[in-house]
Amino acid sequence: MPYYRVAGEIPRKRHVQFRKPDGGLYAEELMGEEGFSSDSSLLYHRHLPTAIVKSEAVAEGTRGELAPNLPLSPRHFRTTELPETGDLVTGRHLLAGNADVRISYAAARSPSELYRNSMGDECVYVAGGRVRLETTYGAIEAGDGDYLVIPTGTIHRWVPYGETVSVLAVQAAGHIRPPKRYLSQFGQFLEHAPYSERDLRAPTEPLLQEGTDVPVLVRTRGGLTRLTYKNHPFDVVGWDGYLYPYAFNIADFEPIVKRTHAPPPVHQTFEGPGFVICSFCPRPLDFHPEAIPIPYNHHNVDSDEFMFYVGGDYSARKGSGIDVGSISLHPAGFTHGPQPGAVEAVVDAVARGLTATSELAVMIDTFRPLDLAPAALACEDPAYAWTWAR
């Protein structure tokens, strides 16, 4: 993260003796990226964070299988048709992925077990419901429209508040960060950025829990393991640094507006290795007197475009079957754009006084082709590819 935070109790200097009330020493844990050469935080545990008493392999089945998007085709997936299963970790339906990113959907109401993703950062978008993210750094309360960015290696669990919570989970093969062009050379958000430090919510106090023989599900490149820790990992009395989980609500994204239609980079919210995440939010319509305030036909030759429709009225897709809960995949190799008649309809609506959009969507653009998982094909609308020819 681009700025410093502190929570709980810490000593005045790093790597000096920090004693418990009984005179013993707290145990340090440095969480650091890129081999001590990038962002890090220093956590202080009541117990050794290294003490495990058991390690067991966990079978995953076949839900993680991916196949190429062949024959090449634009796709429409209806996530509302996917079953509610398990929790927000084990109940994820993998939809698409490549070597850089894996994208999943989940709807669940049960608390998850403790989980650590040691393959890469996760960015989880809450499409509906209220949930508490509990971590070694503390807890974050989240709900509709929240992105939650969870650094690699963070032990955490999801605790819904007695209702079904639906999420889109983006798992990177590396780190997810704000776009570099939004930050100064020292890491401060610049004035032209569409959000700032004030919009980010992080844990503000430790989440102290007791327990022994505590299982933690750990994902590595080799698969899943369940490690049993001697003591509960939520025993951190304080931490400081630049690396921590945080939440950002899509409603706090400030859209960039032009006189004529602006391309997707103006909506960029985060970046990861080989992909970006964009937020399409309600905004004033383009205001040139002859503007066509709707996307033009476009062919992003280097990207697959994966868009999750989460609210409002997406006028460019009228007549295609797209609705809230839909996901469209427009792959490289295919030119896409407004549905037939959509341009004329919006121009007419502007003439009658329409001044703003109400669309709300989350888009992941990948720079390698996305392969598809069985869950995506199971909820696909097979007629979508032909809707431009109507």
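The values are calculated or read from the model by the stated rules, or taken from the named source; none is laboratory data. Everything quoted here is computed from the prediction, not taken from an experiment. Ideal geometry is used to build each Cβ from the backbone, glycine not excepted, and the neighbour counts take in all protein chains shown. For the accessible areas, the whole protein counts, side chains as well, though only heavy atoms, and no ligand, DNA or RNA atoms are used. Shrake-Rupley method; radii C 1.70, N 1.55, O 1.52, S 1.80 Å.
Of the residues that make up segment 338-355, is at least one under 27 Å from VAL124 (Cα atoms) and modelled with pLDDT under 85? Scanning segment 338-355 turns up no residue that is under 27 Å from VAL124 (Cα atoms) and modelled with pLDDT under 85.
State all residues of segment 359-387 that are touching a residue at least 12 places away in the same chain (Cβ under 8 Å) and open to solvent by 60 Å² or more (accessible area, probe 1.4 Å); if no residue qualifies, say none.
In the first step, residues of segment 359-387 are kept if they are touching a residue at least 12 places away in the same chain (Cβ under 8 Å); the result is 359-376, 378-381, 383-385, 387.
Of everything in segment 359-387, those that are touching a residue at least 12 places away in the same chain (Cβ under 8 Å) and open to solvent by 60 Å² or more (accessible area, probe 1.4 Å) turn out to be PHE367, ARG368, PRO369, PRO374, ALA378.
Here GLU290 fulfils each of the conditions (1) farther than 19 Å from PRO331 by Cβ; (2) in contact (Cβ under 8 Å) with a residue 24 or more places away in the chain; (3) part of a loop (DSSP other than H, G, I, E, B); (4) not hydrophobic (A, V, I, L, M, F, W, C) apart from (2). Residues in segment 315-334 that are within 19 Å of THR79 (Cα to Cα), hydrophobic (A, V, I, L, M, F, W, C) and open to solvent by 10 Å² or more (accessible area, probe 1.4 Å): ILE322, VAL324.
SER55 fulfils the conditions (1) among the hydroxyl-bearing types (Ser, Thr, Tyr); (2) out of contact with any Gly (no Cβ under 9 Å at 6 or more places or on another chain); (3) under 23 Å from THR135 (Cβ atoms); (4) not in a strand (DSSP E or B) except for a single criterion, (4). For segment 236-266, the candidate set comprises residues that are part of a helix (DSSP H, G or I) and at pLDDT 95 or above; within that set, the residue that is nearest to ALA173 (Cα to Cα) is ILE250.
Quick grid of which residues meet (1) assigned to a loop (DSSP other than H, G, I, E, B); (2) out of contact with any Asp or Glu (no Cβ under 6 Å at 6 or more places or on another chain):
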{"residue": "GLY321", "(1), (2)": "yes, no"}
{"residue": "LEU329", "(1), (2)": "no, yes"}
{"residue": "PHE334", "(1), (2)": "yes, yes"}
{"residue": "PRO340", "(1), (2)": "yes, yes"}
{"residue": "VAL343", "(1), (2)": "no, yes"}
{"residue": "ASP348", "(1), (2)": "no, yes"}
{"residue": "GLY353", "(1), (2)": "yes, yes"}
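The set of residues in segment 74-89 being part of a loop (DSSP other than H, G, I, E, B) and surrounded by 18 or more Cβ atoms within 10 Å (Cβ to Cβ) consists of PRO74, LEU82, LEU88, VAL89. Flag not set for VAL276, criterion: surrounded by 19 or more Cβ atoms within 10 Å (Cβ to Cβ), under 19 Å from ALA51 (Cβ atoms) and β-branched (Val, Ile, Thr).
Does segment 127-148 contain any residue that is of a type in the set (D, E, K, R) and in contact with a His (Cβ under 7 Å, 6 or more places away or on another chain)? Looking through segment 127-148, at least one residue is of a type in the set (D, E, K, R) and in contact with a His (Cβ under 7 Å, 6 or more places away or on another chain).
For segment 1-59, taking the residues that are hydroxyl-bearing (Ser, Thr, Tyr) and more than 28 Å from the chain's Cα centre (by Cα), the one that is surrounded by the most Cβ atoms within 10 Å (Cβ to Cβ) is identified as TYR26.
Suppose we filter segment 146-183 for residues that are assigned to a loop (DSSP other than H, G, I, E, B) and either at negative phi or under 9 Å from the mean Cα position of the chain (by Cα) (or both); how many remain?
Going through segment 146-183 one residue at a time, the tally reaches 13.
Screening HIS267, HIS261 for residues that are in contact with a strand residue (DSSP E or B) (Cβ under 9 Å, 6 or more places away or on another chain) and surrounded by 13 or more Cβ atoms within 10 Å (Cβ to Cβ) leaves exactly one candidate, HIS267.
When segment 184-199 is limited to residues that are outside any loop (DSSP other than H, G, I, E, B) and of a type in the set (Asp, Glu), the one that is farthest from PHE280 (Cα to Cα) turns out to be GLU197. Residue count for segment 110-128 under the criterion of being under 19 Å from GLU84 (Cβ atoms), open to solvent by 10 Å² or more (accessible area, probe 1.4 Å) and not hydroxyl-bearing (Ser, Thr, Tyr): the result is 4. What pairs come out if I take residues in segment 31-47 that are closer than 8 Å to LEU243 by Cα and pair them with residues that are open to solvent by 10 Å² or more (accessible area, probe 1.4 Å) and among the hydroxyl-bearing types (Ser, Thr, Tyr) whose C-beta lies under 8 Å away, six or more apart or interchain? The qualifying pairs are MET31/SER40; GLY32/SER38; GLY32/SER40; ASP39/TYR242; SER40/TYR242; SER41/TYR242. Looking only at segment 130-141, residues that are out of contact with any Phe, Trp or Tyr (no Cβ under 7 Å at 6 or more places or on another chain) and open to solvent by less than 10 Å² (accessible area, probe 1.4 Å) come to 3 in all. Could you grab me the full set of residues in segment 293-319 that are closer than 21 Å to ILE103 by Cβ, of a type in the set (Gly, Ala, Ser) and assigned to a loop (DSSP other than H, G, I, E, B)? Within segment 293-319, just SER303 meets the criteria.
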